[in-house]
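Below is one structure; the comments refer to it alone.
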Amino acid sequence: MPLRIATGRQGITFEGAFFATHSLALVNRELSLALLETGRFDIGIRHTGPGNAESFRAPRFQPLHRALRLPPQDPLVTIRHQWPPDFSRPGTPRFVVVQPWEFGSIPAAWVRGIAETVDEVWVPTHWVRECFLAGGVPPEKVAVVPNGVDTARFHPAAEPLPLPTRKRVKFLFVGGTIARKGVDALLDAYVRAFTADDDVALVIKDFGADSFYAGQTAGALIAALQSQPGAPEIVHLPEDLGEDQMPGLYAACDCLAHPYRGEGYGLPIAEAMACGRPAIVTGYGAALDFASAENSLLVPATLVRHAEKRIGDMETVDYPYWAEPDREALAAALRRVYEDPAAAREIGARAARDIAARHTWAQAARIAAERLQALNAAVSATRRAPADFESEKQAALAQARAGNWRVALEKIRACLADHPEDWDLVNALGVTLFRLGEVDRARALMEDAAGRAPNARDFHHNLAFLLLDAGEPSAALVHAMKAFAFTPDNPDIRRTLERARAAALRDARRARRKTGRPDPAYRSQMRTVLEAAALLAKDAPKAPPAAEPPARPRVSAVMIVKNEEQYLRECLASIQGAVDEIVVVDTGSTDSTREIARGMGAKVVEWEWTDDFAAARNVSLDHATGDWALWLDADERLAAGQAGLLRYLVEAAEPRVGGYMVNIRNFLQSHPGSEVCWHRACRLFRLGPGIRFTGRIHEQNMRSLQEAGYVCAMSQLTVDHYGYAADVMSARGKHERFIRMLTREVEENRDPFYATFHRFNLANAYYTLGDMENAIRWFERAGESPDPREEYTAMLFVEWATALYVTGRAEEAESVCDRAGSLGIRHPALEFARGHACLHRREYARAEALFQKAIEEGANPAFVHTGDIGAYTYKARYGLALACTGQDRWEEAARHCRAALAEKESFGDARCLLATALRTMGRLTEARVELERLLAVQPDHRHARVEHACVLWDAGEELAALPALRIAAEIEPGSLEVLARLAACCERAGSLEEARNAWEQVRRLNPASAEAAINLGRTLADLGEAAGAIDCFADAIALDPSCANAYFNAADVLYRIGEYPKAAETLCAALELDPGNAAGFFVLGNCLVQTGEYAAATAVYREALARRPDYAEAAHNLHLAQEMLRAA
């Protein structure tokens, strides 16, 4: 590729929350993505606060992950958007704070902070700007940079989300159900406007009830109205919805109602409007930047001043205020939509057009870019002297010519910070980005420069090269012709034009064969091809053309498939433009696999399966015509944005490099937020004589590459693999097939080169199946001659140790880890395994230290991630929590659980343990919230079911607790804690037989417990089984002769069955142990009355009264005994 390519991108650091579900993070994500789309900025992001980047792995978020990993070189501007705002000055020349506001008068401290440290404040609406100006912020410091809507996702044709209502008209409220957003006014107007007889529902999508709005939401009010007789239907949705579900929520409803009192922008309003839904909104404040009487239903409002000059603990410049919506007008607007849906739809259609035309994130990014350009100009005016710049520029270009791409990137960006329109540097930056695999950024940069540079020849030339590489020959030809027009005698440009013309001609002919006729697109393409031919003929060189450069290496994707219609299309789509040929060997599909492959341009070879993966792979190599092969399976995808890197790897490969190790990211579940395990394999390799696969299963190509004299280099190329998800493995019977084939391979393949590898894979197959005993047997065989140089060897010891500790062999597990260390194997997952072995031995302090060590080693930049990343991130933090619970440090355990959830929000075990810690600390409401949040998304989480039942009982919610405890007892039939609660709950509910069964189970599990014997005895007594009850109390006394409670309960039963002398005798024994028990003396007095011993009875009643003077029953019976004594 020509050396000089370019783009002068301004470096920006963007700070704030990005990987969280609240609206502030959404704004940061979308504005950053839109700015990156312009191609004008090199953005690095710094995520702050809670959040989980793994939850935002959709392809459209990949630029954010790159921006998270790669900070910009020499950033000129820091943009900070977070709550609470932080006005501390960063290290960049310019500082922007993004700050909405909802309450009118702004905090006084903000005015001071902005004056001292901030160059510019970006606010989302003109109303917010007026708030800042009224507070005393200078007008030149406050710019309106609006929010926007992603109209590619939010549009009128969005697929509706199923909702739990059958009502015809559905109103929608989206946001935290807090006073500021006016949900109470909406509920009041709604129940005024409708009754249960109306065909209408109000859907309330709540946000933040468990986080930033905790304790402020209207959940109780909503619940009260839902249970109110005659009230219209209300559907409350407190659970989180995925970002991809929100367009469907708007589409499923007919109108958004958002009568806010204060908003900084009102994203749900704009999103609903973009989906073609009319919005009922307050006719004052922020939303009027995009909501009007033509595209919305505006509700009049009255401004209400707050009583104090403060919001919370923030003192404000003046009195804050809200806009109180008119509730009668709000009710009338609701009725209007209900009664005239056609008119409402017309309003919604206008709203969708307005949002799409003027209020997208692209529009927001254009305005932000203008502000950044102005800030950049101010910085550039103060930068380095021309002579210094020229020397640094030449040094940067020299690094690019030498192919030192990383060094060149840093130096070029530093120079462009001063001179963003130095086109030589811009050109060199484009080439550098391309060589580093950032093809999309290179393309955007060059397209922008081609439209602005005075001499755009090199940009057009390099765009032609890039577009040819991307499989877009028609677009490449247009740019090649433009480059050729500058210098027709340049041989490099002529060759590029000839190559582009030939590729465009092939593409046109291929398209015509598909359509069968010359359509307008074909004619247009052919006109361009003919124009190019004419240019080449007109300016043909007089001298013989130079020798053709070496041909571009061709890459063949090679695959074997069978019944892969579910996955194949996405797999092939991921490599379109990255490879030159796709070879698919079909081993007997009975579905539409072959048709899908052919339809996507693959060469399909049919071959009968022989229970040998290597044999099938070699058939694919036999039919490949490329110079290199990319080995993929149908349930894999080339990761987004990797095509350019793949092409660079094969084009830049040194002659001795025969292949590249590729990072395989294995998703272990089929749901979002899946656990991930990494490994590496030589998936990109040269094709040639002798390059073959070996091994019936877990086939390998490395040996043949080594025998051919090649080495395998490392790369950052990534392939995503979905076939190891547990449900996929089970549905396809992969475990059983792998075990069968691996057993045969171990038995028949005596090659020592592969012996350990195959034994490890057989052990791993049993391990993933959950058959730990067989796994251990084969790990032991594999461990007989491990090779520490092999990457899989670390995983051999990690999984071997894990299998041992989960089967209760903790000491052996640690010995396996020790052996790995003696071989020089270092991996954080080994410390993780040691930590769990210590947990099993109840060595909690040591376990804590080991889990912390795993986290620290995993965070080391020198560590190459392999295996289960959870072992040195969120799972290790969960291990820290477990170690703290073993030491009764429950507050710290909760903190570690929250840290684990910040890294992996879907980690159910951590949320369950967090709830246990909260329950143990007496924070039952918080525990219940966490459990119900977990069970909403993981209803089959068994321990959470148990914990939830215990929380309900401990909170005194007996009616709800009983069915939950029954389920918990089925899940954990050996849990004394659950059974005891179930038995007590049954007693309270009057289910005595069920209580008896539960107490009997408790006794069987804990026969040495006197308390268990007493509880069973009490239940038997209530059932009328006096003899059995007395036997239980006798057992309790035998187990604990000092247990007064057993004597008292036994005496109570004896008294009830009329055995008064024995009852009196038993009570005397009890009172010797517990002489302060007034009730015991009272019952003893009753026994003595029954046996006619009135004098003794009066003395005993006096003992009861001596211990409890207000004992009315004892006083009454004393009087009766005295009367009886006088009458005797």
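Some observations on this one:
- The set of residues in region 232-250 that are farther than 19 Å from Tyr338 by Cα, of a type in the set (A, V, I, L, M, F, W, C) and over 15 Å from the mean Cα position of the chain (by Cα) comprises Leu237, Met246.
- Filtered residues of region 47-85 (kept if among the charged types (D, E, K, R) and modelled with pLDDT under 90): Glu54, Arg57, Arg60, Arg66, Arg69, Asp74
- In region 608-631 there is at least one residue that is free of Cβ contacts under 8 Å to residues at least 60 places away in the same chain, in a helix (DSSP H, G or I) and of a type in the set (D, E, K, R).
- Within region 589-605, the set of residues being more than 19 Å from Arg692 (Cα to Cα) and touching a strand residue (DSSP E or B) at 6+ places or on another chain (Cβ under 8 Å) comprises Ser589, Thr593, Arg594, Ala597, Arg598, Met600, Gly601, Ala602, Lys603, Val604.
- Test set (1) buried (at least 18 other Cβ atoms within 10 Å of the Cβ); (2) touching a helix residue (DSSP H, G or I) at 6+ places or on another chain (Cβ under 6 Å) - Arg494 fails condition number: (2)
- Filtered by the rule that a residue be among the charged types (D, E, K, R) and surrounded by fewer than 24 Cβ atoms within 10 Å (Cβ to Cβ), region 456-480 gives Arg457, Asp469, Glu472.
- When Arg789 is tested against (1) touching a residue at least 12 places away in the same chain (Cβ under 8 Å); (2) closer than 26 Å to Gln700 by Cα, just one condition goes unmet, and that condition is (1).
- Residue that is surrounded by the most Cβ atoms within 10 Å (Cβ to Cβ), among those in region 229-247 that are within 18 Å of Asp198 (Cβ to Cβ) and among the aliphatic types (A, V, I, L, M): Ile234
- The one condition from (1) at pLDDT below 85; (2) part of a helix (DSSP H, G or I); (3) under 38 Å from the mean Cα position of the chain (by Cα); (4) not charged (D, E, K, R) that Leu467 does not meet is (1).
- Only one of Ala915, Ala871, Ala833 that is in contact with an Asp or Glu (Cβ under 6 Å, 6 or more places away or on another chain) and either closer than 27 Å to Phe18 by Cα or small (Gly, Ala, Ser) (or both): Ala915
- Matching residues, region 756-811, being of a type in the set (Gly, Ala, Ser) and over 16 Å from Phe738 (Cβ atoms): Gly783, Ser785, Ala794, Ala801, Ala803, Gly808, Ala810
- Restricted to helices (runs of 4 or more DSSP H) entirely inside region 995-1087, those with at least 3 residues that are in contact with a Ser or Thr (Cβ under 9 Å, 6 or more places away or on another chain) are 1026-1039, 1044-1056, 1060-1073.
- From the list Ala453, Ala449, Ala414, Ala483, the lone residue that is more than 30 Å from Arg598 (Cα to Cα), surrounded by 23 or more Cβ atoms within 10 Å (Cβ to Cβ) and within 43 Å of the chain's Cα centre (by Cα) is Ala449.
- Within region 923-966, the set of residues being more than 25 Å from Glu891 (Cα to Cα), free of Cβ contacts under 8 Å to residues at least 12 places away in the same chain, in a helix (DSSP H, G or I) and of a type outside the set (A, V, I, L, M) comprises Pro963 only.
- Filter result (under 30 Å from Leu416 (Cβ atoms) and of a type outside the set (Gly, Ala, Ser)) within region 9-24: Arg9, Gln10, Ile12, Thr13, Phe14, Glu15, Phe18, Phe19
- None of Arg129, Arg80 is part of a helix (DSSP H, G or I), basic (Lys, Arg), under 30 Å from Ala323 (Cβ atoms) and out of contact with any Leu (no Cβ under 6 Å at 6 or more places or on another chain) except Arg129.
- Which listed residue, of Pro90, Pro50, is touching a Lys or Arg at 6+ places or on another chain (Cβ under 9 Å), outside any helix (DSSP H, G or I) and within 30 Å of Val676 (Cβ to Cβ): Pro50
- Selection within region 98-138: residues that are acidic (Asp, Glu) and over 22 Å from Thr302 (Cβ atoms). The member of this set that is surrounded by the fewest Cβ atoms within 10 Å (Cβ to Cβ) is Glu116.
- Looking only at region 339-369, residues that are part of a helix (DSSP H, G or I) and farther than 19 Å from Ile269 by Cα come to 7 in all.
- Residue count, region 647-668 (criterion: within 21 Å of Ala58 (Cβ to Cβ) and not polar (S, T, N, Q)): 4
- You will find that of Ala871, Ala854, Ala899, Ala876, the residue that is within 20 Å of the chain's Cα centre (by Cα) and over 22 Å from Gly49 (Cα atoms) is Ala871 and no other.
- Residues in region 1088-1128 that are exposed (fewer than 15 other Cβ atoms within 10 Å of the Cβ), not in a helix (DSSP H, G or I) and not small (Gly, Ala, Ser): Thr1091, Pro1109, Asp1110.
- Counted as qualifying within region 214-314 are no strands (runs of 3 or more DSSP E), as none has 3 or more residues that are under 17 Å from Trp101 (Cα atoms) and at pLDDT 90 or above.
- Residue within region 857-873 that is assigned to a helix (DSSP H, G or I), of a type outside the set (A, V, I, L, M) and in contact (Cβ under 8 Å) with a residue 40 or more places away in the chain present: yes
- With respect to the stated conditions, Asp254 fails to be without any contact (Cβ under 8 Å) to a residue 40 or more places away in the chain and within 34 Å of the chain's Cα centre (by Cα).
- Scanning region 283-297 for residues that are touching a Lys or Arg at 6+ places or on another chain (Cβ under 7 Å) and among the polar types (S, T, N, Q) yields one hit, Asn295.
The values are calculated or read from the model by the stated rules, or taken from the named source; none is laboratory data. Computed from a predicted model, the values in this text were never measured in an experiment. Note that each Cβ is placed from the backbone with ideal geometry, even for glycine, and that neighbours are counted across all protein chains shown.
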